[in-house]
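One structure is given below, encoded as structure tokens.
Read-outs: derived from the displayed coordinates by stated rules, not from any lab. All of these numbers come straight from a predicted model, not from anything done at the bench. Cβ coordinates were reconstructed from backbone atoms using ideal geometry, including for glycine residues, and neighbour counts include every protein chain displayed.
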Amino acid sequence: MSKYHKPRAGSKAFSPRKRAKKEAPSFSAYPKVDEPALIGFAAYKVGMTHIMVKDLDKNSPASGLDVMVPVTILDAPPLVPFAIRAYIQGYGGLDVLTDVFSDKIDKSLAKKMSLPKAVNPEHAKLIESNLENIVRFTLLVHTQPKKAGLSKKTPDVMELGVGGTDVKAQWEYCKGILGKEIRVSEVLNEASPVDVIAVTKGKGFQGPVKRWGIKMQKRKHKRGGHSRHIGCIGPWNPSMVRWFVPQAGQMGYHNRTEYNKVLMKLGENGDGINPDGGFIGYGLVSGDYLLLKGSVPGPSKRLIGIRPAIRPPTKEHKFSVESVSTSSMQGL
């Protein structure tokens, strides 16, 4: 009798597999930046294609040759900071001191969060009087889906960190860009490694075979006519179900972070990448866009968080983009 063998399907790298609380990505850590600057950006996933790249690395086997590289296209309309948030050191961690809102706030934000009726100047005075106690500044920013190839009108809200070692310089930088548009070219650089944070595709409630990749019961091993369940959920001792037992539950729609994705290209106009009729399931890219090497979590139109690599590799990527394919666009 032949041996039944199949490689295990599915990843056991993340457990428990919980459903994400919100679709907008959030950053829990940032790389160290000496000068005051916005750390991170947000863009909408468009789809995938491939580009032709000339390898300029002298030590590479493909040095001087054209190489085909799969890339993900992200639509990156400018972000608008609408509030400054100051943190102080609390008993159990960082506590929010106060928020300073801009005097010009998009009215569509009222559908997403509660906004102040008027700007309170006392909040700015409170920050200036406590600059010695403030540990960190962040910016509350919102996207502009109207400038992307989306039909939605409600912007997405995120909190992004501000670099720098001097708190006073951070405060002056935040006041200078409050209410102004920030483009992706001001935050990220071409050929640099970046980290991608997003929520994966949701697949709903699934059984253990699809969720964990366990084997199906054979014909003589079935109990009650069921074959897509595990044989035992735990031993007699300890008399409880352990966390690592593969069981049914939520599959997909998880927060995931992918490190060191190469930013292949930054573009300002989508005419050079738009296919005839637009992208499948998205539309047309009209403004700034990104080309990231490889895949990105989530379906098309999903909001993707991008930050400079927090643990970048030592090797530099040397290449030049020759052409972008506009015939193999897929709404992946």
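At a glance:
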quantity	calculated
Distance histogram in 10 Å bins (all Cα pairs of the chain, percent per bin)	5, 20, 26, 22, 16, 8, 2, 0, 0
For Leu97, distant residues with modelled amide H under 5 Å away	Ala86, Tyr87, Ile88
Region 57-96: chymotrypsin sites (Phe, Trp or Tyr not before Pro) in DSSP loop, at most 15 other beta carbons within 10 Å	Tyr91
Rounded FRET efficiency, nearest 0.05, which uses the C-beta distance separating Ser327 from Lys112 and R0 of 35 Å	0.40
Val119-Lys152 pseudo-label distance in nm [points 7 Å out on the Cα-to-Cβ vector]	2.8 nm
Order of Ser327, Ser320 under a 10 Å beta carbon neighbour criterion, fewest first	Ser327, Ser320
Point-charge dipole on Cβ atoms (K/R +1, D/E -1) for region 79-182, about Cα centre, debye to 20	680 debye
Extension gain from Gln247 to Lys32, taking 0.36 nm per residue of separation minus the Cα-Cα distance	73.4 nm
Per-residue HN-Hα couplings for region 306-313 [Karplus 6.51, -1.76, 1.60; θ = phi - 60°; Hz; x = Gly/Pro]	10, 9, x, 4, 7, 9, x, x
Cα gyration tensor shape of region 39-153, rounded if a/c is under 1.5, else prolate or oblate by comparing a/b with b/c	oblate
Proxy reagent accessibility, fewest Cβ within 10 Å first, across Met52, Met113, Met158	Met113, Met52, Met158
10 Å Cβ shell holding at most 16 others, DSSP loop, GluC sites (Glu not before Pro): longest site-free stretch of the chain	24-131
Neighbour net charge for Asp99 - beta-carbon separation under 13 angstrom, K R +1, D E -1	-2
FRET E, pair Lys180, Lys215, Förster distance 51 Å, beta-carbon r, rounded to 0.05	0.35
Computed label-point distance, nm, for sites Leu131 and Arg223 using a 7 Å Cα→Cβ extension	6.9 nm
Region 178-266: chymotrypsin sites (Phe, Trp or Tyr not before Pro) in DSSP loop, at most 12 other beta carbons within 10 Å	Trp236, Trp243, Phe244
Using alpha-carbon coordinates, inclination of helix 167-177 to the longest axis of the chain, degrees	90 degrees
